[in-house]
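S.K.: My structure is below; once you've seen it, I'll send some questions.
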Amino acid sequence: MTGFGKSEALVLTKKLTVEIRTLNSKNIDLNFRIPHIFRELEPQLRGLLNKGLIRGKIDVSVYIEGNSGTNTTQINKEVIDDYIAQLQGIHQGETTELLKMAIRLPDALKTEKEDLKEEEKEVLLTVFSSALERVNDYRENEGAALGKDFVIRLEVIKNLLDDAILIDPERKEKITLKLKTALDQLTLEIDQNRLEQELIYYLEKYDITEEKVRLANHLAYFNEIMAQDQPNGKKLGFIAQEMGREINTIGSKANHSGLQKIVVQMKDELEKIKEQLLNVL
């Protein structure tokens with residue numbers, strides 16, 4: 001599910017910013033971009049993510065602004081003076097030229113790593129938790145909007161199913177009449193017992209009673225699962241697949257223009273539900 005959270009705070013002379021973006025995914029796909037100075041906190045931050053977010057493609061970015069250099073480079077004066085003295089023993093050149101040579105030699109520059117202060121650790125964890133909370137708020141709001149859309153589309157399918165139930169008796173009558181008319185036009189002698197058996201067979205073949213019942217149950221179950229306060233995107237996806245099977249079976253048995261039109265409309269609504277389910281955890 002799409003989500004975004006951003007939080008900022010000032011600590012000492014620095015501004016810390018945490019941004020978390022999420023997309024729906026079958027597993028956790030985590031991309032972490034964090035300054036080197038905070039690397040020691042990365043396992044702890046990952047732990048917060050695992051607790052706070054349930055799967056998804058997650059992009060985390062931590063930024064530092066201000067006096068935030070993680071390393072400071074300084075000239076190692078003692079080493080350079082020693083290099084110049086040695087070079088003068090080999091060649092009496094200008095001091096400026098010798099300095100250019102010495103500055104390129106090993107250990108002429110020394111790098112001192114900036115230590116992470118406890119105050120900075122606490123602020124980063126607070127800012128990170130705040131961004132994480134905003135991501136979940138974003139996801140909940142999007143989920144609520146999707147839920148309202150699902151309810152509307154499920155109601156449309158239910159109404160279409162009611163229409164299918166209303167025209168089903170007429171459909172059966174037309175199929176029966178069509179079969180009898182075709183048989184009456186035959187010039188061959190027909191065994192009436194066999195005829196009755198064949199009529200029953202074909203009428204059962206076109207019967208959609210079970211499909212109507214199962215589809216109604218799937219619609220009710222979808223609403224029931226959607227109302228649960230837990231991640232249910234996968235389960236809803238399975239239910240939608242079962243709904244699609246029942247609708248397809250009704251279409252294959254329809255043999256009636258009005259019912260086929262209803263099936264097309266139900267498929268259209270169900271496809272829109274399936275598309276949105278890709279965004280549900």
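The values are calculated or read from the model by the stated rules, or taken from the named source; none is laboratory data. Keep in mind the model is a prediction, meaning the values are calculated, not measured. As a convention, Cβ positions derive from the backbone with ideal geometry for all residues, glycine included, and neighbour counts pool all protein chains shown.
S.K.: Search the range 249-262 for residues being farther than 19 Å from residue 176 by Cβ and either among the aliphatic types (A, V, I, L, M) or in contact with a helix residue (DSSP H, G or I) (Cβ under 8 Å, 6 or more places away or on another chain) (or both), and hand back the single one that is surrounded by the most Cβ atoms within 10 Å (Cβ to Cβ).
M.R.: For the range 249-262, the residue satisfying everything is 262.
S.K.: Go through (1) aliphatic (A, V, I, L, M); (2) at pLDDT below 80; (3) assigned to a strand (DSSP E or B) for residue 10 and report which single condition fails.
M.R.: Tallying (1) aliphatic (A, V, I, L, M); (2) at pLDDT below 80; (3) assigned to a strand (DSSP E or B), residue 10 fails exactly one: (2).
S.K.: Given the conditions (1) over 23 Å from the mean Cα position of the chain (by Cα); (2) crowded, with 16+ Cβ neighbours inside 10 Å; (3) closer than 19 Å to residue 159 by Cβ, and given that residue 270 satisfies all but one, which numbered condition is not satisfied?
M.R.: (1)
S.K.: Provide a single number: the residues in the range 10-53 that are farther than 17 Å from residue 130 by Cβ, in contact (Cβ under 8 Å) with a residue 40 or more places away in the chain and either surrounded by 15 or more Cβ atoms within 10 Å (Cβ to Cβ) or among the basic types (Lys, Arg) (or both).
M.R.: Total satisfying the criteria: 2.
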